[in-house]
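Report on one structure; see the data block that follows.
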């Protein structure tokens, strides 16, 4: 957005937290709400587009709707996962909802919220996904190439990186020639990962290359989240992990979370396509055991590679940015030729 000429009043990318970690950010975002309200009041925009993060954007949309300003939600809040009671509030705040997962459109429309499936933004620049299907015929002649993807949020990286390293160390005991590449969200986190690397682990590092690294890997250890879609698009079998506060999970989390699956790929497929260890509290041994069983089964790996690509293919059939631009322009009452200018993006 900044590169396109958008004036940023704050960069909250380092503030992303879930669970109890989010509580520490409350005062920062309360101050930011004040800035946003002053900006909207002083500039009176024709339309407000909010992206993701319902905990923040419900407040922004409320500020806009109180002033009679249209709102477009890009990336639907995951109310189908937990908090379905908030659908009534979203209906009052949202003029148009842009969904990035196919099943979301029907779920929200059934609750009176105008929704459109626009495609998934992570896939709109990817071409020929079918060419990513992997063959493992030479896997026994070399060590497996394994990607380690501990996530993008500070809390998830701190909880998953140590465990993923220990899993990698145990895998190398069975496959001495195994090659590991850790993907960091930025240079700052690459430095942190390297500084905290276990001395028994040998690992390469890469920055913001989830898709590219997954294409070059035989298997990935992945934090549950949007990265799983990129890994699936690369045709890379994966083991999905996530950790959370044990007390908070047993007191609140397991009662609030409704879907049968946590991983986006499994949600889209509506079946347990990949194994989820979400959350795990005890030993990493079951994760190691499952990973080793995959590496020992070439046919299962090839089937998984094919099934993952077939699962996410529908997400790339639309260009999410183009579709969302059209919806915003329609909200502004600018139809026709101006919309056509976006079709070549």
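The values are calculated or read from the model by the stated rules, or taken from the named source; none is laboratory data. Here the structure is a predicted model, which means the values were calculated and not measured. Cβ atoms come from the backbone with ideal geometry, glycine included; neighbour counts cover every protein chain shown.
Of all residues in segment 318-342 being modelled with pLDDT of 85 or more and assigned to a loop (DSSP other than H, G, I, E, B), which is surrounded by the fewest Cβ atoms within 10 Å (Cβ to Cβ)? Applying the filter and picking the extreme gives 333.
Of the residues in segment 263-294, how many are farther than 28 Å from residue 140 by Cβ and either outside any helix (DSSP H, G or I) or not assigned by TED's automatic domain parsing to the domain that holds residue 164 (or both)? If you could, list the steps in order and put the result at the bottom.
Here is the first cut: in segment 263-294, the residues farther than 28 Å from residue 140 by Cβ are 263-264, 266-271, 278-283.
Going one step further and asking which of them are either outside any helix (DSSP H, G or I) or not assigned by TED's automatic domain parsing to the domain that holds residue 164 (or both), we end up with 263, 270-271, 278-283.
Of the residues in that region, 9 qualify.
Out of all the residues in segment 233-252, is one or more modelled with pLDDT of 95 or more, surrounded by fewer than 16 Cβ atoms within 10 Å (Cβ to Cβ) and not in a strand (DSSP E or B)? No, there is no match, as no residue in segment 233-252 is modelled with pLDDT of 95 or more, surrounded by fewer than 16 Cβ atoms within 10 Å (Cβ to Cβ) and not in a strand (DSSP E or B).
No other residue among 87, 92, 38, 64 is in a helix (DSSP H, G or I) and without any contact (Cβ under 8 Å) to a residue 12 or more places away in the chain apart from 38.
Note on segment 132-154: among residues that are in contact with a strand residue (DSSP E or B) (Cβ under 6 Å, 6 or more places away or on another chain) and outside any loop (DSSP other than H, G, I, E, B), the one that is surrounded by the most Cβ atoms within 10 Å (Cβ to Cβ) is 149.
Filter segment 105-131 for residues that are in contact with a strand residue (DSSP E or B) (Cβ under 7 Å, 6 or more places away or on another chain) and either in contact (Cβ under 8 Å) with a residue 60 or more places away in the chain or not in a strand (DSSP E or B) (or both) and give the result. Give the steps one after another, and end with the answer.
Our first condition is that a residue be in contact with a strand residue (DSSP E or B) (Cβ under 7 Å, 6 or more places away or on another chain); within segment 105-131, this holds for 105, 108-109, 113-118.
Within segment 105-131, 105, 108, 109, 113, 114, 116, 117, 118 meet the criteria.
Within segment 77-99, being touching a helix residue (DSSP H, G or I) at 6+ places or on another chain (Cβ under 6 Å) and over 21 Å from residue 332 (Cβ atoms) holds for 77, 79, 80, 82. Can you spot a residue in segment 217-231 that is touching a helix residue (DSSP H, G or I) at 6+ places or on another chain (Cβ under 8 Å), under 20 Å from residue 101 (Cα atoms), modelled with pLDDT of 95 or more and not in a helix (DSSP H, G or I)? Within segment 217-231, one or more residues are touching a helix residue (DSSP H, G or I) at 6+ places or on another chain (Cβ under 8 Å), under 20 Å from residue 101 (Cα atoms), modelled with pLDDT of 95 or more and not in a helix (DSSP H, G or I). Any chance segment 168-179 includes a residue that's in the same structural domain as residue 224 (by TED's automatic domain parsing) and closer than 17 Å to residue 212 by Cα? Yes, there is a match, as at least one residue in segment 168-179 is in the same structural domain as residue 224 (by TED's automatic domain parsing) and closer than 17 Å to residue 212 by Cα. Every listed requirement among (1) part of a helix (DSSP H, G or I); (2) closer than 23 Å to residue 299 by Cα; (3) in contact with a helix residue (DSSP H, G or I) (Cβ under 7 Å, 6 or more places away or on another chain) is met by residue 157 save one, (2).
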